[in-house]
Amino acid sequence: MDPKPLSSAVPGGRLRITAILDKPARLRLLGLNLAPGTTVTVLRNRRGSVILGHRHARMAVGRRLAERILVEELTP
């Protein structure tokens, strides 16, 4: 499956982060324990932030940052 930006993900989907396109975005996400290979769940994706679930935490990722994160869908 081809990677797509996190900003286009459907809520409820389980995704694996495959790449982070620029260094500032990579550093920001590493601070949130989100690195390539991490599995996340999209809880909400509307106009503003993308809300992710990772382990037992929820986190908001801004739309511009979500466009720089490439993900692939995981099959159930």
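A few points about this structure:
- Residue tally, condition small (Gly, Ala, Ser) and part of a loop (DSSP other than H, G, I, E, B), over region 15-47: 2
- Check on residue 48, touching a helix residue (DSSP H, G or I) at 6+ places or on another chain (Cβ under 7 Å), exposed (fewer than 15 other Cβ atoms within 10 Å of the Cβ) and within 12 Å of residue 7 (Cβ to Cβ): yes
- Qualifying residues in region 1-54 (those that are over 14 Å from residue 73 (Cα atoms) and charged (D, E, K, R)) - the one modelled with the lowest pLDDT: 47
- Odd one out for residue 60 among (1) among the small types (Gly, Ala, Ser); (2) exposed (fewer than 12 other Cβ atoms within 10 Å of the Cβ); (3) under 10 Å from the mean Cα position of the chain (by Cα): (2)
The values are calculated or read from the model by the stated rules, or taken from the named source; none is laboratory data. Just so we're clear, the structure is a prediction, and the values are computed from it rather than from any experiment. Virtual Cβ from ideal backbone geometry, glycine too; neighbours counted across all protein chains shown.
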